[in-house]
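The values are calculated or read from the model by the stated rules, or taken from the named source; none is laboratory data. The structure displayed is predicted, hence computed values, not measured ones. Here Cβ is always computed from backbone atoms with ideal geometry, including for glycine, and neighbour counts include all displayed protein chains. With ligands, DNA and RNA removed, areas are computed over all heavy atoms of the protein, side chains included. Shrake-Rupley method; radii C 1.70, N 1.55, O 1.52, S 1.80 Å.
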Amino acid sequence: MITLTSDFGLRDPYVAEMKGVILSINPEAKLIDITHDVKQFDIRMGAFMLASAAPYFPKGTVHVAIIDPEVGTDRRAILIETERGFFVGPDNGVLMLAAQNQKIQQIREITNSQFMLPRVSNTFHGRDIFSPSAAYLEKGVSPSQFGAEIANPTWPNFAEIKYKKDVILGEVLHVDDFGNIITNIPEQEPRQKQIKGFSIVLRRKMLNLKFSKTYGNGKFKEAVAIIGSHGYLEIALNQGNAAEEFSVTAGDEISVSVVR
Amino acid sequence: MITLTSDFGLRDPYVAEMKGVILSINPEAKLIDITHDVKQFDIRMGAFMLASAAPYFPKGTVHVAIIDPEVGTDRRAILIETERGFFVGPDNGVLMLAAQNQKIQQIREITNSQFMLPRVSNTFHGRDIFSPSAAYLEKGVSPSQFGAEIANPTWPNFAEIKYKKDVILGEVLHVDDFGNIITNIPEQEPRQKQIKGFSIVLRRKMLNLKFSKTYGNGKFKEAVAIIGSHGYLEIALNQGNAAEEFSVTAGDEISVSVVR
Amino acid sequence: MITLTSDFGLRDPYVAEMKGVILSINPEAKLIDITHDVKQFDIRMGAFMLASAAPYFPKGTVHVAIIDPEVGTDRRAILIETERGFFVGPDNGVLMLAAQNQKIQQIREITNSQFMLPRVSNTFHGRDIFSPSAAYLEKGVSPSQFGAEIANPTWPNFAEIKYKKDVILGEVLHVDDFGNIITNIPEQEPRQKQIKGFSIVLRRKMLNLKFSKTYGNGKFKEAVAIIGSHGYLEIALNQGNAAEEFSVTAGDEISVSVVR
């Protein structure tokens, strides 16, 4: 099984070209799209998407992620083996969040041209390098055949949460298509026994929110704090768009005070 | 074979997570997307999409449809067996139109946690309940194992057509991406032998339309009445967008007088 | 393996209906989407998409392309056999560019109703004629069984490049989602040994561009001339949108003078 994540969109033929390359090498491969609508060149959003979906795939799955603004420069092509599977893509951080969650065993630079298309363009390594490498990997070629091991991969710059007395300082990781505001604050932090509510500051606006178990239990268009399906604190509007309501986008700061 | 219908869009990783869950349980499953661009929370549009596509799939297909504004509340999760296949989703009507066309044999509430993910979130039953249930069902688990039979499923509120002397009163079921206006008036009604044309009232505007066999036979941008591919009366513009031209959206009333 | 290209979009159930029809006839078929976001009725864009992706698919692949503004009129349905595979679609030029690149062996009109759905609508031959034909073809039915050979297929009107002394006159074939401006000038033309740069005229604006090997090597938002992944001259902006910057759309003229 091979998953594909990119910022190519589905209008252009680029994703299909990658699939054609994989299926020419490995006709039995099962191909699953994670998303191709990552914001262009947004490595961080790609990393979040891949890390969200990867845990749900079977052991041995090969994940390919191509958010690659530096294609054709000297940024490296890498392959990561984890305890649960494999990751293939550019060495710019897009693979690291998902790979790290599965315990990394080895990282190698892909340099063996035997596992690339005969002619490698400067503009589309997704098709010319990453797709054939993934196809051969899924076919059983050993990681060691692709190139030498490396020790210094590039990490994406995800904000870490900070504490300032009783206040948790985090940021907005992603705004999904429902307008749910997904933060980088894991559920262990705010979900403490005696909590009755949150006081959240978003774009200098203070919100006093109830902590809800579901999107749907609140009043119509009521804002709620919720632990979303990936285990992070989210701010949502019941049947409405929270990000629009509060003019929030990915990267915005958030500070949370817990009301006990 | 398992089909997927939702209002999740393809930008977020939600659809991929569902696919990963299904393939982890049932690696041989063949997954086909019907659409993930149902208008958010629009049960009726989801029901129409599923009912349009389901008849074309092979016997035994499992159809999963997740338009689920009440996820996490006490709305039930259900499984329907018909003469031709299976339907899995929330008990809010989204499955009923398609299931009814295939003759319903039994409806069961899904309560057996053995066929759910070990941890069920309050926000994403598509991934945590419906996908694993569909995967097990497709693997051959008997419907009776999922939970008890129920007799009172929720029905979607599709308008029924009415008659007022020679006038048929219906409504706009759906506007497709070509701008074709799809009504809920089945072809048996207006397609009578001696018909020369229709007089159609849409948003208080009277249109005298020719009845055409094809979109393409009229003049450029000419409006025509047509029996669309699903057997309903449509209003279309030859190489143009009828819904924009007449400012029509789903749910609008339509009244049709036949000119003999 | 069967690929699908259309202008149906992914919101409506039309693509899923085609897939259901194919899988009902041929449950083993592997289905790959090239794109369904061709601009509506834009035969030329469909032809470019198909021609871009088709070379990357395995020998024997059946390519179905439905950009079909004249569906239901007397335009023919055709099947093309090439040295590498098969093409199925309307006889309006959409198949020809891709088929021609693979050396055409025979072109037949599809007239045998045995390989169509029992009831053929006037509005959706993609589902009723082309999908079942492709499914049977992939199952091994001989092309000769579908209908008689024809000698006069319709060709799409792609501009050919012209020369005026040292100036190459071409046009913009496609603007991709990154805003890259893809021209119809093949790499053999401008990529000559002593070239230092190009002087390009786009919408009466003169650009003096460097010839770059990659999108990413220039300065931020710098415009570069590049040989794209399909072997055509492109104008791109490093991490920016060249088509927006220069207000260019598909079909625009381009003239190129080489600076030696």
Take the alpha carbon gyration tensor of the stretch B:72-173, find the square roots of its eigenvalues, order them as a ≥ b ≥ c, and report rounded if a/c is under 1.5; if not, report prolate when a/b exceeds b/c, else oblate. prolate
Give the cross-link partners of A:LYS164 among the aspartates and glutamates, using a straight C-alpha distance below 20 Å as the criterion and excluding same-chain residues fewer than 8 apart. A:GLU187, A:GLU189, A:ASP252, A:GLU253
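In the stretch B:77-112, which GluC sites (Glu not before Pro) fall in coil by DSSP and have 13 or fewer other Cβ atoms within 10 Å?
Details: sites: B:GLU81, B:GLU83, B:GLU109; in loops: B:GLU83.
In loop regions of the stretch B:77-112 (DSSP not H, G, I, E or B), the sparsely surrounded GluC sites (Glu not before Pro) are B:GLU83.
Return the carbon/sulfur percentage of the accessible area of chain A, one whole number, probe 1.4 Å, all protein chains in place.
Looking at chain A in its full context, I get 46 percent from C and S.
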List the residues, sorted by chain then number, that are 5 or more residues from B:LEU173 or on another chain and whose placed amide H is less than 5 Å from its amide H. B:ILE182, B:THR183, B:ASN184, B:GLY251
Aspartates and glutamates whose Cα lies under 16 Å from that of A:LYS30, excluding same-chain neighbours fewer than 8 positions away: A:GLU17, A:GLU138, B:GLU17, B:GLU28, B:ASP33, C:GLU28, C:ASP33
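Within the stretch B:26-65, which trypsin sites (Lys or Arg not before Pro) sit in a loop by DSSP and count at most 11 neighbouring Cβ atoms inside 10 Å? Each step should come with its number before you reach the end.
Values: sites: B:LYS30, B:LYS39, B:ARG44, B:LYS59; in loops: B:LYS30, B:LYS39, B:LYS59.
In loop regions of the stretch B:26-65 (DSSP not H, G, I, E or B), the sparsely surrounded trypsin sites (Lys or Arg not before Pro) are B:LYS59.
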So what is the relative contact order for the stretch A:64-103, in percent, with contacts set as C-alpha pairs under 8 Å and at least six apart? 41 percent
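If you stretched the chain out fully between C:LYS165 and C:GLN100, how much longer would it get, using 0.36 nm times the residue separation minus the C-alpha to C-alpha distance?
On the way: separation 65, 0.36 × 65 = 23.40 nm, distance 2.97 nm.
The span from C:LYS165 to C:GLN100 would gain 20.4 nm if fully extended.
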At 7 Å out from Cα toward Cβ: A:GLY251 inter-copy label distances (nm, ascending): 3.6, 3.6
For chain B, size of Cβ-based charge dipole, Lys and Arg +1, Asp and Glu -1, in debye: 960 debye
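Please state the charge dipole magnitude for the protein assembly as shown, taken about the Cα centre, from unit charges on C-beta atoms (+1 on K and R, -1 on D and E), reported in debye and rounded to the nearest 20. It would help to have the intermediate numbers written out before the result.
On the way: 84 positive and 90 negative charges, 92 e Å.
Once rounded to the nearest 20, the dipole reads 440 debye.
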Kindly list the residues of the stretch C:154-181 that lie in the label zone of C:GLU245, defined by a backbone N under 14 Å from the point 7 Å along the Cα-to-C-beta vector. C:178-181
When each copy gets a label point 7 Å from Cα toward the beta-carbon at C:LYS205, what are the spacings between them in nm, shortest first? 3.7, 3.7
In terms of the charge dipole of the protein assembly as shown, which places +1 on Lys and Arg and -1 on Asp and Glu at the beta carbon, the residue among C:ALA236, B:PRO58, A:ALA98 farthest towards the positive end is C:ALA236
Taking the rotation axis that maps chain B onto chain C, which residue of B brings its Cβ closest to that axis, and at what distance in whole Å? B:LEU10, 4
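Below 8 Å between Cα atoms, with a sequence gap of 6+, how large is the relative contact order for chain B in percent? Present the calculation step by step, with values, prior to reporting the outcome.
On the way: 567 pairs, mean separation 40.6, N = 260.
Value for chain B: 16 percent.
Using only protein heavy atoms and a 1.4 Å probe, how much accessible area in total is buried between A and C, to the nearest 100 Å²?
Buried surface at the A/C interface: approximately 2700 Å².
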In nm to one decimal, list the spacings between the C:LYS39 label point and its equivalents in the other copies, with label points set 7 Å along Cα to Cβ, shortest first. 2.8, 2.8
Would you be so kind as to identify which of C:THR82, C:ILE227, C:SER113 lies farthest towards the positive end of the dipole of chain C, taking Lys and Arg as +1 and Asp and Glu as -1 on Cβ and the Cα centre as origin? C:ILE227
Would you please name the GluC sites (Glu not before Pro) within the stretch C:147-182 that are DSSP coil residues with at most 13 other C-beta atoms within 10 Å of their C-beta? C:GLU160
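Considering only the protein assembly as shown, what is the antiparallel percent among its DSSP beta bridges, to the nearest 5?
If I count the DSSP bridges inside the protein assembly as shown, around 75 percent turn out antiparallel.
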